[in-house]
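A short worksheet on the structure shown next.
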Amino acid sequence: MMIKFPQSFLWGAATSAYQVEGNNVNADWWQWEKKAGKEQSGKACRHYEFYKHDFDLARGLNHNAHRLSIEWSRIEPKEGEFSHNELKHYIDVILALKKRDIEPVVTLHHFTNPVWFSKLGGWEKGRSAALFSRYCDFVTRALAKHVHYWITINEPTIYISHAYILGVWPPQVKSYLKATAVEENMAWAHIKAYRAIHKIYEELRLSAPSISISQNVMAFVPCKQDLQNRFTAYLRDRLFNLGFLERIMRYDLMPHKAMDFIGVNYYSRQLVELKKFGAANIASDVCNKKHHLCEKNSLGWDIYPKGLYEVLLELEKYNLPIMITENGICTPDDDLRWKYIYGHLKYIHRAMKKGVPVMGYLYWSLIDNFEWDKGFFPRFGLIGIDYKTYKRTVRKSAKKFARVCKTGIL
Ligand code: IFM
């Protein structure tokens with residue numbers, strides 16, 4: 001049977017500022033990667049200079065949407081001092097997309113913070129939401145005319161777990177207490193930004209924007225079908241997939257809504273196997289045996305397209321449109337990349353047939369990029385980057401995906 005997506009479907013790819021732009025010298029990650037002795041982001045992909053060329057490639061691949069992020073530390077390099085030059089840069093970036101008939105999806109926070117903000121205590125502090133919201137206000141007023149889709153915060157659950165529980169990202173804290181404060185502040189920051197952005201559009205008499213977070217979701221699959229593993233998988237799904245979403249939806253008392261669509265980032269599954277009872281075990285025990293074989297990406301993550309279908313069916317209960325704001329694979333095997341994209345699109349379509357209102361698919365990532373503490377080795381891009389010459393090479397998988405973007409037919 002032919003698999004056909006609706007005419008209005010958004011097709012494209014995503015990036016984030018710190019991972020592709022290069023030289024984000026005022027970001028906390030810039031200092032941390034040096035202090036922690038990690039591979040340094042340096043010039044990254046030089047997308048800050050080459051964005052027009054990258055967008056030409058995206059257009060050539062029939063993308064009609066593109067997700068990017070604004071780097072807060074460029075816009076506000078010192079507390080309260082806003083850079084009109086950097087703002088102008090991002091206006092130019094958005095206009096470059098529009099000129100190519102590519103719909104921008106703009107993220108306001110994608111893991112990095114200005115150094116001054118981190119020095120004040122970052123997201124642990126109650127002031128963080130107001131500081132974030134002030135920056136959002138500055139950016140939104142300038143971009144409102146050109147932007148309809150906004151993501152306030154990318155993957156808050158990942159940020160909180162990596163930076164405040166596992167302690168592997170800056171500021172490398174391991175404290176449940178602080179993690180709880182950060183969660184509260186990020187939830188409130190989203191709500192403040194959500195309301196402020198809507199208000200700005202009203203003031204400027206523009207039609208209402210569409211705002212969400214990008215929530216990372218996983219398929220939590222019990223290793224064995226016994227009660228304790230099924231229950232643990234259920235709890236993990238509640239905690240990691242739905243916890244933050246429901247936290248902000250609690251503010252969703254009319255006339256104040258909390259989000260207009262749900263941004264979903266999906267990559268993989270986790271095989272849940274509880275080894276002993278305890279809060280940390282319930283949150284993190286996984287099966288290490290080799291009895292659920294499947295293909296993996298180059299970071300060792302399981303490839304499990306059906307999981308996206310299952311999560312989408314679960315998200316239907318929130319009665320909001322859904323945009324896949326990230327889905328992708330890092331691999332040296334480009335055939336596997338296409339298989340990955342094909343498999344996930346097939347399951348997205350199946351979920352849509354069941355009534356789940358998915359409105360777009362943004363592959364992660366348009367170009368290879370800096371994968372945080374893992375450095376440059378994971379290759380997620382539809383377009384490869386030679387980090388010596390910065391030459392871009394369009395991969396075969398990108399061309400296959402381009403046919404789907406053009407026709408809507410898988
Ligand atoms: O590269 C990241 C991105 O910054 C957030 N989502 C997951 C991607 C792959 O790990």
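Things to note:
- Residue that is nearest to the ligand (Cβ to nearest atom) [pool: residues in the stretch 363-386 that are surrounded by fewer than 16 Cβ atoms within 10 Å (Cβ to Cβ) and over 16 Å from HIS53 (Cα atoms)]: LYS374
- Yes/no for MET323 being within 25 Å of LYS400 (Cα to Cα) and within 16 Å of the ligand (Cβ to nearest atom): yes
- Candidates ARG247, ARG238 - the one that is in a helix (DSSP H, G or I) and free of Cβ contacts under 8 Å to residues at least 40 places away in the same chain: ARG238
- When THR107, THR112 are checked against the criterion of being in contact with a Ser or Thr (Cβ under 7 Å, 6 or more places away or on another chain), within 16 Å of the ligand (Cβ to nearest atom) and closer than 30 Å to LEU410 by Cα, THR107 stands alone in meeting it.
- Matching helices (runs of 4 or more DSSP H) fully within the stretch 28-97 where at least 2 residues are without any contact (Cβ under 8 Å) to a residue 12 or more places away in the chain and on the phi < 0 side of the Ramachandran plot: 28-35
- Any hit, the stretch 283-303, residues being at pLDDT 95 or above, more than 15 Å from the ligand (Cβ to nearest atom), crowded, with 17+ Cβ neighbours inside 10 Å and not hydrophobic (A, V, I, L, M, F, W, C): no
- Residue among LYS346, LYS374, LYS339 that alone is among the basic types (Lys, Arg), at pLDDT 95 or above and under 20 Å from the mean Cα position of the chain (by Cα): LYS374
- Against the numbered list (1) in contact with a Cys (Cβ under 6 Å, 6 or more places away or on another chain); (2) in a loop (DSSP other than H, G, I, E, B), LEU108 comes up short only at (2).
- The single residue among ARG141, ARG205 that is outside any loop (DSSP other than H, G, I, E, B) and surrounded by fewer than 20 Cβ atoms within 10 Å (Cβ to Cβ) turns out to be ARG141.
- Strands (runs of 3 or more DSSP E) contained entirely in the stretch 315-410, each with at least 1 residues that are without any contact (Cβ under 8 Å) to a residue 40 or more places away in the chain: 383-385, 392-394
The values are calculated or read from the model by the stated rules, or taken from the named source; none is laboratory data. Computed from a prediction, not measured in an experiment: that's the story for all the values here. With ideal geometry, Cβ positions are generated from the backbone for all residues, glycine too; neighbour counts draw on all protein chains shown.
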